[in-house]
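Below is one structure; the comments refer to it alone.
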Ligand SMILES: [Zn+2]
């Protein structure tokens, strides 16, 4: 049950939390994972947060096949070069060698845009605002559960538009959706920005990103939204008759977020005891732990009181949804073990109820985020659950934000950049001349990459490029990243 040290060995801590909290496990093929019910329930909550917002912004879900003929991928040169090292190819099927190999989709721009060519003839057919929930395969040499797996679950939005302005607005809008889900649902503060050319999605004109900070001070790319321009329309022949009577190529976006977000959630909020789940994405809000008495009669009364308490909590709502309650009434496990397990699983509220408590009409109310214990009356316990869940949601966000603020440093020289990446770690923000040589130099010497160029801010960065001291054209945020 004891976890490896959160501060001394974060990777081991992560691995053990995932295992002991029963979130996921490795499967037979290297890099693949089994997502267990508790981990899947967290993913479902995140997925619902995304899906609701996709629909509210006018998108519809559809589904494309997972096999893509290799020749189709080869039509977009940059795209295929970017993904080729991670392809899984099917060469045999039905007992025969296939006439042409099939790629198991690493992402679906190619097959979708090849199909859009049939769907789009006129400006009246636009925009196409579609999303699919799917699995994709990118062969991984060094995998880690949720963060980097050979097969993962995600959504990919693929939209087609008449004009560049419209497509650009769409890419920005979906970045905002990702921000909302990260910050409002997952209580995980994120920076919004553009990627440099070196970090861009293969085939994109511009890649927008949300970047979060994990508790080991590494950055995590948590969702990306791409403005693809006309690259895919040209490669797959998606032309339409415009309002001006001329033929035009459609403008494209794509955007994706994956089960990696579950890994982000674990690492953004975890502590030495395990997970701390924000109530909006927690599968269980409240666990009731009955502490059985010395006799069967005492235990029976505790059990009944726990069930009544559970019914009262279940009757309350948190933000319009029923509060999810569990009673941990296993009689072969000691209460102390159950307490530790509920903390490991990150359940926001624990209610401890023993025979002596029952006699004085009291229950111990424990908040997972702060570990505070308070004795309250049984009647009031259920009443305070909804408001406390709201407080925990906010407290986890505030805590993560304070951590990020303490690990974001403004730098003006390479020396300062190097020092800041080392201590306090996290994000180091400073001027950049725009030269990929300077970007590569930092990566080589510090392992840090430019995570993003802020979307908003002063037109001109103050101060020079932190690497070469030439005039800066952009502000850049460097960090060591997952
Ligand atoms: Zn420079």
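Just one of the listed residues (442, 437, 411) is surrounded by 15 or more Cβ atoms within 10 Å (Cβ to Cβ), within 11 Å of the ligand (Cβ to nearest atom) and farther than 27 Å from residue 169 by Cβ, namely 442.
When residue 450 is tested against (1) surrounded by fewer than 22 Cβ atoms within 10 Å (Cβ to Cβ); (2) closer than 30 Å to residue 146 by Cα; (3) within 15 Å of the ligand (Cβ to nearest atom), exactly one condition is not met: (1). Tallying residues that are more than 11 Å from the ligand (Cβ to nearest atom), over 8 Å from residue 430 (Cβ atoms) and modelled with pLDDT of 85 or more within the stretch 454-477 yields 3.
Number of residues in the stretch 13-65 that are surrounded by fewer than 19 Cβ atoms within 10 Å (Cβ to Cβ), at pLDDT below 95 and within 16 Å of residue 135 (Cα to Cα): the value is 1.
Residues in the stretch 154-164 include none that are without any contact (Cβ under 8 Å) to a residue 60 or more places away in the chain, in contact with a strand residue (DSSP E or B) (Cβ under 8 Å, 6 or more places away or on another chain) and assigned to a strand (DSSP E or B). Apart from one condition, residue 376 fits all of (1) out of contact with any strand residue (DSSP E or B) (no Cβ under 7 Å at 6 or more places or on another chain); (2) modelled with pLDDT of 95 or more; the exception is (1). One residue alone among 356, 418 is farther than 28 Å from residue 184 by Cα and exposed (fewer than 14 other Cβ atoms within 10 Å of the Cβ), and that residue is 356.
Summed over the stretch 205-220, residues that are surrounded by fewer than 24 Cβ atoms within 10 Å (Cβ to Cβ), in contact (Cβ under 8 Å) with a residue 40 or more places away in the chain and farther than 15 Å from residue 147 by Cα total 1.
Every residue, every condition in (1) over 19 Å from the mean Cα position of the chain (by Cα); (2) within 30 Å of residue 117 (Cα to Cα), yes or no:
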{"residue": "20", "(1), (2)": "yes, no"}
{"residue": "43", "(1), (2)": "no, no"}
{"residue": "49", "(1), (2)": "no, no"}
{"residue": "64", "(1), (2)": "yes, yes"}
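Of the helices (runs of 4 or more DSSP H) lying entirely inside the stretch 364-479, those containing at least 2 residues that are over 24 Å from the mean Cα position of the chain (by Cα) and closer than 23 Å to residue 219 by Cβ are 414-422, 436-446. Touching a residue at least 12 places away in the same chain (Cβ under 8 Å) and over 21 Å from residue 186 (Cα atoms), is that true of residue 47? Here the answer is no, as residue 47 does not meet what is asked.
On the stretch given as the stretch 317-335, residues that are in a loop (DSSP other than H, G, I, E, B), touching a strand residue (DSSP E or B) at 6+ places or on another chain (Cβ under 8 Å), without any contact (Cβ under 8 Å) to a residue 60 or more places away in the chain and more than 14 Å from residue 293 (Cα to Cα) total 2.
The values are calculated or read from the model by the stated rules, or taken from the named source; none is laboratory data. Since the structure is predicted, the reported quantities are computational estimates derived from the model, not experimental observations. Cβ: placed from backbone, ideal geometry, glycine included. Neighbour counts: every protein chain shown.
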